[in-house]
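Accompanying notes for the structure given below.
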Amino acid sequence: MVRYKKSEEKRKQILSAAFRALAEYGYDAVTLQVIADHAEVSKGVVHYYFENKEAVLTELLEWLTARIYEKEHAAVQRQTTATGKLEAYIDAVFVSPEKNRSFYRVYLDFLARASRLPVYREINQRFYDNCTRISTEVLLLGQEEGLYAAHLSPDTTAPVIRAVIDGCLIQWLMSDRDDLHAVFKKSCYDAVFNVLSK
């Protein structure tokens, strides 16, 4: 049990290092040696846990998207109203300029490759399926409360909610201005509310 726990901790250490390396250098420039340097271990240690760079990065994408979903889901579950759930969802996504910048730099690198690499596409699809579940919960409760338009279908509306959220964050990222983070967050909430209220 102790050996398993240490092994898991070492894997997480390597995945965290891979995330930092990707955020700093980008997908193409990252090698196993760069990941090892960021993890402060030898390249042999990285090789012990992962067959190659692709294996590290595949597990990183899986780990990252699972963690993001868990945090967003937990934030939404703590609320009891549709308004509270929507605000909690957007708050959980718009964490901070630093964290959002790091995540989206890495995530956009993965998305750029998802059209060619089925494994990335599958992981990303699972993530968006989870996001759709959160959005569906918000929409259905809002409809129950009479807050959101009754004719909206979860199948078509729930994916749009995440599209608006990601779109706002990508636009903020492109602005390269930390001081606009809160402005984009407020605009995101307003835009999603408008979608749900039509």
- Failed condition for V95, given (1) under 30 Å from S197 (Cα atoms); (2) assigned to a helix (DSSP H, G or I): (2)
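What tally of residues in region 115-129 results from selecting those that are in contact (Cβ under 8 Å) with a residue 24 or more places away in the chain, out of contact with any Pro (no Cβ under 8 Å at 6 or more places or on another chain) and within 19 Å of E72 (Cβ to Cβ)?
We begin by selecting, within region 115-129, every residue in contact (Cβ under 8 Å) with a residue 24 or more places away in the chain; these are 119-120, 123-124, 126-128.
Pick out the ones that are also out of contact with any Pro (no Cβ under 8 Å at 6 or more places or on another chain) and you get 119-120, 123-124, 126-127.
Narrowing further to those that are within 19 Å of E72 (Cβ to Cβ): 123-124, 126-127.
Going through region 115-129 one residue at a time, the tally reaches 4.
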- Are any of the residues in region 154-177 in contact with a Gly (Cβ under 9 Å, 6 or more places away or on another chain) and open to solvent by less than 30 Å² (accessible area, probe 1.4 Å)? no
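Given A82, A114, which one is modelled with pLDDT under 95 and of a type outside the set (S, T, Y)? I'd like the intermediate steps shown before the answer.
Values: A82 fails: modelled with pLDDT under 95.
Residue meeting the stated conditions: A114.
A quick yes/no check of all residues on (1) farther than 26 Å from W63 by Cβ; (2) among the β-branched types (V, I, T); (3) without any contact (Cβ under 8 Å) to a residue 60 or more places away in the chain:
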| site | (1), (2), (3) |
| --- | --- |
| R113 | no, no, no |
| C131 | no, no, no |
| T156 | yes, yes, yes |
| V164 | no, yes, yes |
| S175 | yes, no, yes |
| Y189 | yes, no, no |
| F193 | yes, no, no |
- Item | Verdict on R133 being modelled with pLDDT under 95, open to solvent by 50 Å² or more (accessible area, probe 1.4 Å) and among the charged types (D, E, K, R) | no
- Note on the structure: If you go through A88, A150, A75, A112, the only one that is open to solvent by 40 Å² or more (accessible area, probe 1.4 Å), among the small types (G, A, S) and in a helix (DSSP H, G or I) is A112
- Task: Could you tell me which residue of region 1-32 is nearest to R67 (Cα to Cα), considering only residues that are open to solvent by 80 Å² or more (accessible area, probe 1.4 Å), more than 21 Å from the chain's Cα centre (by Cα) and of a type outside the set (A, V, I, L, M, F, W, C)?
- Result: E9
- Message: With the structure loaded, tell me whether R162 is farther than 14 Å from V192 by Cβ, modelled with pLDDT of 95 or more, of a type in the set (K, R) and in a helix (DSSP H, G or I) or whether it fails that test.
- Response: no
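The values are calculated or read from the model by the stated rules, or taken from the named source; none is laboratory data. A quick note: this is a predicted structure, and the numbers were derived from the prediction, not measured. Backbone-built Cβ (ideal geometry, glycine too); neighbour counts: all protein chains shown. Surface accessibility is based on the protein's heavy atoms, side chains included, excluding ligands, DNA and RNA. Shrake-Rupley method; radii C 1.70, N 1.55, O 1.52, S 1.80 Å.
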